[in-house]
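Shown next, in structure tokens, is the structure this report addresses.
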Amino acid sequence: MAKKKGYEKSIRVKLIELLISILVISALIYVFGYTDSNALKIFTGIACGLFLFGVIIVKFGSPDEPEPKKEDGVTKLVLLDEEGESVKEWLIQGETSLLIGKSSAQNEVDIDLADAEYAALISKQHAVLNQASGDWFIEDIHSKNGTGIKQPNKRDKSKLEIEQPHKVKAGDIIYIANTRLLLK
């Protein structure tokens, strides 16, 4: 029954569009074929042009409409052990900036690696993970033992320059000293 109603509505819409088209064509024939008024011809031409532009926009969408941005799919950060198994996870969807390091009484971080296997090599404020325009960036902030990235399609990891943001995406592994964090 719902399909039939949708089909009937579609036929009514098509019929109305056809009647409007016949009316517009008839008006154009009358104005440009049987009248001598230049002002009426100019007004009718402008009105028809705007009408056609509106129909095109409605039918085919706005030409300035941006393409929807594909999300990189990063929703969480996963702490991996030596075998690559998940030890701990942090949901990061909706966040804009996350400080990675070790929390203490004087220092609080968003991604606390104080319990990680190689915690002794991790600085209190080691790196920062920022989101800008839908993309994620990692930046080393003067850590003692460095920050690295390993992309899934590459064999070797690359070490980050201090205070130089590096774009990361889902599947990349961030090395905080020897501790591995997988972006998922």
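For the stretch 30-47, the criterion of a residue being charged (D, E, K, R), exposed (fewer than 12 other Cβ atoms within 10 Å of the Cβ) and modelled with pLDDT of 90 or more is satisfied by no position. Every condition in (1) touching a residue at least 60 places away in the same chain (Cβ under 8 Å); (2) part of a strand (DSSP E or B); (3) of a type outside the set (Val, Ile, Thr) holds for Leu129 except the one numbered (1). For Thr96, only one of the following conditions fails: (1) over 21 Å from the mean Cα position of the chain (by Cα); (2) more than 14 Å from Asn178 (Cβ to Cβ); (3) loosely packed, with under 11 Cβ neighbours inside 10 Å. What is its number? Every condition holds for Thr96 apart from (1).
Scanning for something over 24 Å from Lys144 (Cα atoms), modelled with pLDDT of 90 or more, part of a loop (DSSP other than H, G, I, E, B) and β-branched (Val, Ile, Thr), does the stretch 79-98 turn up at least one residue? Yes, some residue in the stretch 79-98 is over 24 Å from Lys144 (Cα atoms), modelled with pLDDT of 90 or more, part of a loop (DSSP other than H, G, I, E, B) and β-branched (Val, Ile, Thr).
For the stretch 117-149: of the residues being closer than 17 Å to Leu80 by Cα and surrounded by fewer than 17 Cβ atoms within 10 Å (Cβ to Cβ), which is farthest from the chain's Cα centre (by Cα)? Ranking the qualifying residues of the stretch 117-149, first place goes to Ala120. Determine, yes or no, whether Lys144 is assigned to a loop (DSSP other than H, G, I, E, B) and either touching a Phe, Trp or Tyr at 6+ places or on another chain (Cβ under 7 Å) or closer than 19 Å to Ala114 by Cβ (or both). So Lys144 fits the description; yes.
The values are calculated or read from the model by the stated rules, or taken from the named source; none is laboratory data. Predicted, not measured: the structure shown is a model, and the values here were computed from it. Ideal geometry is used to build each Cβ from the backbone, glycine not excepted, and the neighbour counts take in all protein chains shown.
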